[in-house]
Amino acid sequence: MRPDERNTADDGVIARASAILDAVAKGASGVRAIARATDLPVSSVHRLVAQLVEVQVLERLDDRIRLGPKLFELGTQVPAHRDLRDAADPVMEDLRAATHHRVHLAMLDGVDVVYLKILGPNLGLDSRLGGRLPAHATGVGKVMLAYSPMATVRARVEAGLPRFTPRTITTPGQLTQELRKIRSVGMALDLEESTVGVSCVAAPVFGSDRKIRAGLSVTGPTRSIDPAHLGIAVRTAAFTLSRTLRDSGL
């Protein structure tokens with residue numbers, strides 16, 4: 001094979017791998033679903049997914065395929081993400097000190113929540129640094145969906161609304177109503193929708209372009225979560241972080 005032919009073949013592999021990553025980020029979670037989304041043969045998708053799993057760019061969870069930890073590791077080095085976490089540090093520390101609860105900073109990646117920074121005890125939650133959860137089942141996810149383009153909300157619905165607890169939103173109608181309510185009050189509640197016994201209050205963080213940038217939340221045992229009291233603290237912290245991002249041009 002001549003060098004120019006080898007480069008062309010390599011470019012083809014890179015393009016196919018990139019298409020697969022885009023499809024997974026948008027909610028395709030199985031080999032056949034990825035093949036349909038990318039117009040690639042199932043055999044090619046199966047082979048490339050196996051290679052991407054091997055290098056941790058993708059990962060398998062039962063029959064589901066999702067973005068892997070290596071992508072998050074690389075993503076944390078992106079200046080915009082690093083700047084967001086740096087700007088959030090003092091705000092999150094103050095929020096934890098004021099509420100004595102676990103504090104999450106998260107962003108949307110496709111239709112899932114990715115956790116950028118977490119302060120406080122785990123409480124047996126599924127959330128972890130770099131971890132992903134479907135946006136409809138979390139406070140930070142719902143508050144970001146509420147201020148996202150309708151195309152993002154539709155993509156979440158098309159990817160599915162899996163149930164985590166008896167209180168998880170599982171229908172498009174419920175989600176639409178919930179997002180409307182969130183916009184009206186400026187915050188979101190997760191009342192045992194992702195984990196039984198655990199609730200949270202979340203508020204939106206906007207960038208200098210006034211578009212949704214992240215979600216900030218306070219999480220704890222349901223019995224200790226007072227939305228009226230904590231809502232003020234979380235919204236104030238989110239507003240402070242939004243102003244910091246605006247003043248810094250981030």
Worksheet item: Could you give every pair whose Cβ atoms fall below 9 Å, whose first residue belongs to region 136-159 and is in a helix (DSSP H, G or I), and whose second residue is aromatic (Phe, Trp, Tyr), counting only separations of at least 6 or pairs across chains?
Response: Ala137/Phe164; Val140/Tyr115
Worksheet entry | Given (1) surrounded by 18 or more Cβ atoms within 10 Å (Cβ to Cβ); (2) of a type in the set (Ser, Thr, Tyr); (3) part of a loop (DSSP other than H, G, I, E, B), number of the condition Thr170 does not satisfy | (1)
Practice prompt. Could you pull out the residue among Leu189, Leu216, Leu250, Leu230 that is in a helix (DSSP H, G or I) and either in contact with a Phe, Trp or Tyr (Cβ under 6 Å, 6 or more places away or on another chain) or not basic (Lys, Arg) (or both)?
Written response: Leu230
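Would you point out which residue out of Arg102, Arg96, Arg64, Arg47 is of a type outside the set (Ser, Thr, Tyr), open to solvent by 90 Å² or more (accessible area, probe 1.4 Å) and modelled with pLDDT of 90 or more?
Arg47
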Worksheet item: Out of curiosity, is Leu179 surrounded by 18 or more Cβ atoms within 10 Å (Cβ to Cβ), part of a helix (DSSP H, G or I) and modelled with pLDDT under 95?
Response: no
Worksheet, complete the sentence: Scanning region 26-39 residue by residue, those in a loop (DSSP other than H, G, I, E, B) and within 24 Å of the chain's Cα centre (by Cα) turn out to be Lys26, Gly27, Ala28, Ser29, Gly30
Worksheet item: Within region 134-143, can one find any residue that is surrounded by fewer than 23 Cβ atoms within 10 Å (Cβ to Cβ), among the aliphatic types (A, V, I, L, M) and either at pLDDT 95 or above or over 24 Å from Ser224 (Cα atoms) (or both)?
Response: no
Worksheet item: What residue, among those in region 182-232 that are closer than 27 Å to Asp247 by Cβ and of a type in the set (S, T, N, Q), is modelled with the highest pLDDT?
Response: Ser217
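Check region 146-161 and report whether any residue there is of a type in the set (A, V, I, L, M) and within 17 Å of Leu230 (Cβ to Cβ).
No, region 146-161 has no match at all.
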Response to the item:
Expected output for region 66-93 (first residue under 14 Å from Leu105 (Cβ atoms), partner among the hydroxyl-bearing types (Ser, Thr, Tyr) and at pLDDT 60 or above, Cβ below 7 Å, 6+ apart or cross-chain) is Ala87/Thr244; Ala87/Ser248; Val91/Thr240
Worksheet item: Pairs under 7 Å by beta carbon, first residue open to solvent by 50 Å² or more (accessible area, probe 1.4 Å) in region 211-225, partner β-branched (Val, Ile, Thr), six or more apart or different chains?
Response: Arg213/Val205
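The values are calculated or read from the model by the stated rules, or taken from the named source; none is laboratory data. Please read these numbers as outputs of a predicted model, since none were measured by experiment. We place every Cβ from the backbone using ideal geometry, glycine too, and count neighbours over all the protein chains shown. When the accessible area is computed, the model is the full protein with side chains, heavy atoms only, and any ligands, DNA or RNA have been set aside. Shrake-Rupley method; radii C 1.70, N 1.55, O 1.52, S 1.80 Å.
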